[in-house]
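These notes are about the structure you will find just below.
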Amino acid sequence: MVQKSVLSEQQNSSSIITDLKALFKAKVLILNVLPVFCGYWLALYFNHTSIGAHWDLFWLTMIGSTLVMAGALVLNNWYDVDIDTVMERTKERPTVTGNFSLKFVLWLGISLSVLGFIFLLFTTIEATIYAFIGWFTYVVLYTMWSKRKYTLNTVIGSISGAVTPLIGWTVIASGLHIIPIVLALIIFIWQMPHTFAIAMKKYDDYKAANVAMLPVVHGFDVTKRQILVYVTCLLPFPIFLESLGFGFIIIATLLNIGWIVLSVRGFFTKDDMKWAHMVFLYSVNYLMVLFLLMIIVTLPVFN
């Protein structure tokens, strides 16, 4: 009986952790936290100061921004419960299974958001404003307004991700600097082919839920052309980051060329789903490698 009880408790704990990861969209959250840290790190570097001189701001920034983004993602889950019930990939979310009540999820999302903004208010007003722009765009303009109606929902949703490096940077210095602006533009453009690839992969889900994603409304051929256009738009950006060094420019450019080549292959593929999955994987690794590389080339040992 004791062993059964212990096993049951372990299973319950594992289930709760799984539900929380789904509720917070853990992978999405982590991918958004990285640019915040990168923006903060590069602001320190270009303003000739160190992280050790600003530990208080560092923790306020990282905790505050993470809470705000987590709150936005939780509110997205709360609002989208009806379409999540239809879509195969989201049927196990705790809002759908009923493991968490919708009232609890709503208040959790609001509480996390408010708490995050309180943390950020102890940094700078500019950083807090960027965080609010991201939160408002994702929760209200994307989730509640455009997602179900317009294919431009991807453009609108991309704004929320684009502000992440600006949050980190503006804790240390003004956002009117070429580095954070270029980082924001990279993320804004990156999100378009990334999201289009997901929409192609999950075409049946989005169609069943009547969500106005580009592949559902205009088909795969149009989506492939849009992916190529946006990926090509990333090509010149490494030049604007020349202060990060020649090595960074070379690697970033090769990453861009590799993505362009993969995008062109989409016009000749016989397996759209396999190709879309490859574009999705490339996009995720592209962003992680690019931002980690920015951090690595500005480490003290490299200077």
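The values are calculated or read from the model by the stated rules, or taken from the named source; none is laboratory data. Keep in mind that what you see is a predicted model, and the values were worked out from it rather than measured. With ideal geometry, Cβ positions are generated from the backbone for all residues, glycine too; neighbour counts draw on all protein chains shown. Accessible surface is based on the protein model in full, side chains and every heavy atom, while ligands, DNA and RNA are left aside. Shrake-Rupley method; radii C 1.70, N 1.55, O 1.52, S 1.80 Å.
Annotations for the structure displayed:
- Scan of the stretch 229-244 for residues that are in a helix (DSSP H, G or I) and open to solvent by 20 Å² or more (accessible area, probe 1.4 Å), ordered by number: V229, Y230, T232, C233, F237, I239, F240, E242, S243
- Residue under evaluation A252, criteria (1) crowded, with 16+ Cβ neighbours inside 10 Å; (2) among the small types (G, A, S); (3) under 27 Å from Y142 (Cα atoms), criterion not met: (3)
- Residues of the stretch 158-190 that are farther than 17 Å from L141 by Cβ and hydroxyl-bearing (S, T, Y): T170, S174.
- Tally of residues being open to solvent by 20 Å² or more (accessible area, probe 1.4 Å), within 23 Å of T253 (Cβ to Cβ) and hydrophobic (A, V, I, L, M, F, W, C) across the stretch 190-210: 0
- Single condition S158 does not satisfy, out of (1) under 21 Å from F280 (Cβ atoms); (2) in contact (Cβ under 8 Å) with a residue 40 or more places away in the chain: (2)
- Residues of the stretch 111-141 that are under 19 Å from the mean Cα position of the chain (by Cα) and over 23 Å from P180 (Cα atoms): L112, S113, V139, V140, L141.
- So L115, is it part of a helix (DSSP H, G or I), open to solvent by 10 Å² or more (accessible area, probe 1.4 Å), touching a residue at least 24 places away in the same chain (Cβ under 8 Å) and not basic (K, R): yes
- Residue satisfying condition, being within 18 Å of the chain's Cα centre (by Cα), on the phi < 0 side of the Ramachandran plot and at pLDDT below 95, within set K91, K27: K27
- Test: residue in the stretch 125-142 that is touching a helix residue (DSSP H, G or I) at 6+ places or on another chain (Cβ under 8 Å), in contact (Cβ under 8 Å) with a residue 40 or more places away in the chain, open to solvent by 40 Å² or more (accessible area, probe 1.4 Å) and not in a helix (DSSP H, G or I): no
- Residues of the stretch 208-244 satisfying the condition of being of a type outside the set (A, V, I, L, M) and modelled with pLDDT under 95: N210
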